[in-house]
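A.B. asks: Please find one structure pasted underneath; my questions will follow.
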Amino acid sequence: MTGPDGTWLARALELAARGGRATAPNPRVGALVVKDGRVVGEGWHRACGGPHAEAFALDAAGEAARGATLYSSLEPCPHEGRQPPCVARIVRAGVARTVIGLADPDPKVAGEGIAALRRAGIEVELAAGPAAEAAERLLDDYLVHRRQGRALAALKVAATLDGFIADRDGASRWVTGESARTAGRALRARYGAILVGAGTVLADDPQLRLPEDDAGGPFRRCVVDGRLSIPAAARLLAGAQDGDAVLVYASPDADPVRRAALERAGAEVVALGPPGGPVPPAAILRDLAGRGILGVLIEGGGVTHGHFLAAGLAARLHWFVAPRLLADPAARPAAAGSPRRLEGAWEGAFAEVTRLGEDLLLTLTPRGA
Ligand code: AOF
Ligand code: ZN
């Protein structure tokens, strides 16, 4: 899609991104109404339960929507949900043409939005090529959630040049500099959940706080702790509030006394997987999806990252690299797995490379994704 249609659709994606994590489990959607080459209304879905992007844009356009083109990053919904159907609204407004970034994989929509618009005599164009890919990238978490019933897993690492996240004593605080740490906290705000392994809680006792300027939206802190080894006094638990209890994923045979103690401290213990075994990453992602979480940022440590990588479930890597070498075989690796040859390595592609002070932020996606 090139020319004005491509430009306006790109604007719809920009608007959509403003929704951040607050729209979950709904998608981030942006829309605008264009008449005679001029924008007469814009909008985006701000929060689940609130008006859809198209409703905001059509409200802003008013009578000017008659005969105009509506650009929407996602296929308009034909069904009544928490909100009235967008298709009926578009038809009532007298829109002549609709340009759509991506078909909605939600089973309640799945092409029926486009079909209903066409039945009503509205011309519909669905993006293809780079414009469609951009719309898919923006909604990668939503697509995984609706198509696979899982939350999207992104790994966050702050490592030395030789891939260590801590020295042999477990000291990790000063691997990267201040601007990389600030960027790391800002990343959290994009995801509906953050998850660490029990080893990280025991070693660092992190609070896993959101940035000060967080715009809000549902957010869950999670720990994978098969044997329930974290203390009830962990700082992470102290910050928990009603309705957003820290989720602790454990094996079904974990000690019931420890379980009770953690629950008293405000955790919700979720038993998953086989007794005695590691908690399966896919089961965690399914559980999070069931709670309406679209994406989870996994902040380590190396064993937890290793599990998600080995399961083929790391959809994105946010990899901060410091210009610092430990060169100590007893240091803690960013991803700890089992012995393997180069042919079995995790293969990715660099999607973005950003300089942050003296450090780099590498963003990777799996090869072929
Ligand atoms: C749109 N525009 O801005 C969004 C859509 O419960 P509801 O009424 O909010 O409907 C949620 C479903 O609607 C959601 O699963 C997705 O299929 C679609 N989201 N559709 O036309 C929007 N957010
Ligand atoms: Zn809608």
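The values are calculated or read from the model by the stated rules, or taken from the named source; none is laboratory data. Nothing here was measured: the structure is a model prediction, and the numbers come from that model. Heads up, the Cβs are rebuilt from the backbone with ideal geometry, glycines too, and the neighbour counts pull from every protein chain shown.
A.B. asks: Would it be correct to say that A31 is of a type in the set (A, V, I, L, M), surrounded by fewer than 22 Cβ atoms within 10 Å (Cβ to Cβ) and within 8 Å of ligand 1 (Cβ to nearest atom)?
C.D. replies: no
A.B. asks: Here is a follow-up. Step by step: first the residues of segment 344-353, then only those that are touching a residue at least 12 places away in the same chain (Cβ under 8 Å) and in a strand (DSSP E or B), then the one that is nearest to A186 (Cα to Cα). Which residue is that?
C.D. replies: Applying the filter and picking the extreme gives A351.
A.B. asks: Could you please give the count of residues in segment 40-96 that are within 11 Å of ligand 2 (Cβ to nearest atom) and aromatic (F, W, Y)?
C.D. replies: Going through segment 40-96 one residue at a time, the tally reaches 1.
A.B. asks: Further question on the same structure: What are the pairs, 6+ residues apart or on separate chains, where a residue within segment 65-83 that is touching a residue at least 60 places away in the same chain (Cβ under 8 Å) has its Cβ under 6 Å from a residue that is near ligand 1 (Cβ under 9 Å from one of its atoms)?
C.D. replies: Note: pairs meeting the criteria are S72/A31; S72/E54; S73/A16; S73/V29; S73/G30; L74/P27; L74/V29; L74/D104.
A.B. asks: Hand me the list of strands (runs of 3 or more DSSP E) wholly inside segment 161-244 holding 2 or more residues that are at pLDDT 90 or above and over 22 Å from E268 (Cβ atoms).
C.D. replies: Once the strands (runs of 3 or more DSSP E) in segment 161-244 are filtered for at least 2 residues that are at pLDDT 90 or above and over 22 Å from E268 (Cβ atoms), what remains is 164-166.
A.B. asks: Among the residues of segment 255-266, count how many are at pLDDT below 95 and either among the polar types (S, T, N, Q) or in a loop (DSSP other than H, G, I, E, B) (or both).
C.D. replies: Looking only at that region, the number is 2.
A.B. asks: Within segment 78-109, take every residue that is in contact with a strand residue (DSSP E or B) (Cβ under 9 Å, 6 or more places away or on another chain) and assigned to a loop (DSSP other than H, G, I, E, B) and give me the one that is farthest from C48 (Cα to Cα).
C.D. replies: A96
A.B. asks: Something else: Determine whether segment 149-165 contains at least one residue that is crowded, with 23+ Cβ neighbours inside 10 Å, out of contact with any Cys (no Cβ under 7 Å at 6 or more places or on another chain), under 19 Å from A322 (Cα atoms) and aromatic (F, W, Y).
C.D. replies: yes
A.B. asks: Which residues, taken from segment 37-77, are over 18 Å from A24 (Cα atoms), part of a loop (DSSP other than H, G, I, E, B) and not charged (D, E, K, R)?
C.D. replies: Once the filter is applied, which keeps residues that are over 18 Å from A24 (Cα atoms), part of a loop (DSSP other than H, G, I, E, B) and not charged (D, E, K, R), segment 37-77 yields G37, G67, A68.
A.B. asks: Looking at V109 and the list (1) more than 14 Å from ligand 2 (Cβ to nearest atom); (2) modelled with pLDDT under 95; (3) of a type outside the set (S, T, Y), which single condition is not satisfied?
C.D. replies: Tallying (1) more than 14 Å from ligand 2 (Cβ to nearest atom); (2) modelled with pLDDT under 95; (3) of a type outside the set (S, T, Y), V109 fails exactly one: (1).
A.B. asks: Scan G113, G101 and give me the residue that is surrounded by 19 or more Cβ atoms within 10 Å (Cβ to Cβ) and more than 24 Å from A315 (Cα to Cα).
C.D. replies: The conditions single out G113.
A.B. asks: Suppose the filter is modelled with pLDDT under 95, surrounded by 20 or more Cβ atoms within 10 Å (Cβ to Cβ) and touching a helix residue (DSSP H, G or I) at 6+ places or on another chain (Cβ under 7 Å); does G295 pass it?
C.D. replies: no
A.B. asks: Mind checking whether some residue in segment 76-88 is near ligand 1 (Cβ under 10 Å from one of its atoms), among the charged types (D, E, K, R) and surrounded by 22 or more Cβ atoms within 10 Å (Cβ to Cβ)?
C.D. replies: No, segment 76-88 contains no residue that is near ligand 1 (Cβ under 10 Å from one of its atoms), among the charged types (D, E, K, R) and surrounded by 22 or more Cβ atoms within 10 Å (Cβ to Cβ).
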